């Protein structure tokens, strides 16, 4: 099986297409950090779609009676909906046989746990796979506009109270914005982020054109970087820089 679309056309009964389509829409909208791929497959046996964070955390299988979502670490999940099934030592399954029974909030509940458990397993190793700075915000929409329109980053996770943005060229270069507690004052003044960019002069002109607050003018420093500082909408300072020597 070469593609996901071929899998849908050839292996999923048409009446169950909406279930898988809604699931893929959810992944694209809120969990685009997950990598969609096909696993396995021979001339005799077809492969299945899987979704990978650090490891494969979700597998999708069609049946004659619906779609089965298998969660690799399902045995460790909390299950407030009481929908997970299975007798395996690790994985549990969510079976959906009617598109009317599909709910984004249910899948989201399980997917979040799958990502969290996969992250914990990765942390047990000595390798540091990525570092993501966090900034709090009182206005998520303004933050979304700044990071996507000015910094030209991709919104890769949208959980309303949490937004994660990634560089389009380097997806492990990320930043997350958290919804600030309404009972606490917003204070990001101490946060200072450095972002290395490809053409600092072009970025400086871009900042001026978009009326971004510049708090340190473009300067060539004696240690070999050219940089300027801006304030992002939540009060954190961003040091945009390029190496010039």
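If only residues of segment 207-241 that are in contact (Cβ under 8 Å) with a residue 24 or more places away in the chain and more than 27 Å from the chain's Cα centre (by Cα) are counted, the one that is nearest to residue 150 (Cα to Cα) is 228. When 141, 196 are checked against the criterion of being under 25 Å from residue 104 (Cβ atoms) and either out of contact with any helix residue (DSSP H, G or I) (no Cβ under 6 Å at 6 or more places or on another chain) or surrounded by 12 or more Cβ atoms within 10 Å (Cβ to Cβ) (or both), 141 stands alone in meeting it.
The criterion of at least 2 residues that are closer than 28 Å to residue 29 by Cβ is met by the following strands (runs of 3 or more DSSP E) wholly inside segment 139-244: 154-158, 162-166, 174-179, 192-196. Counting only strands (runs of 3 or more DSSP E) that sit wholly inside segment 1-111, those with at least 3 residues that are touching a residue at least 12 places away in the same chain (Cβ under 8 Å) and buried (at least 19 other Cβ atoms within 10 Å of the Cβ) are 48-52, 56-63, 66-71, 92-96.
With respect to residue 160, is the statement that it is assigned by TED's automatic domain parsing to the domain that holds residue 231, in contact with a helix residue (DSSP H, G or I) (Cβ under 8 Å, 6 or more places away or on another chain) and without any contact (Cβ under 8 Å) to a residue 24 or more places away in the chain true? Yes: the conditions hold for residue 160.
The values are calculated or read from the model by the stated rules, or taken from the named source; none is laboratory data. Everything numeric in this text was worked out from a predicted model, so none of it was measured. Positions of Cβ are generated from backbone atoms using ideal geometry, with glycine treated the same way; all protein chains shown enter the neighbour counts.
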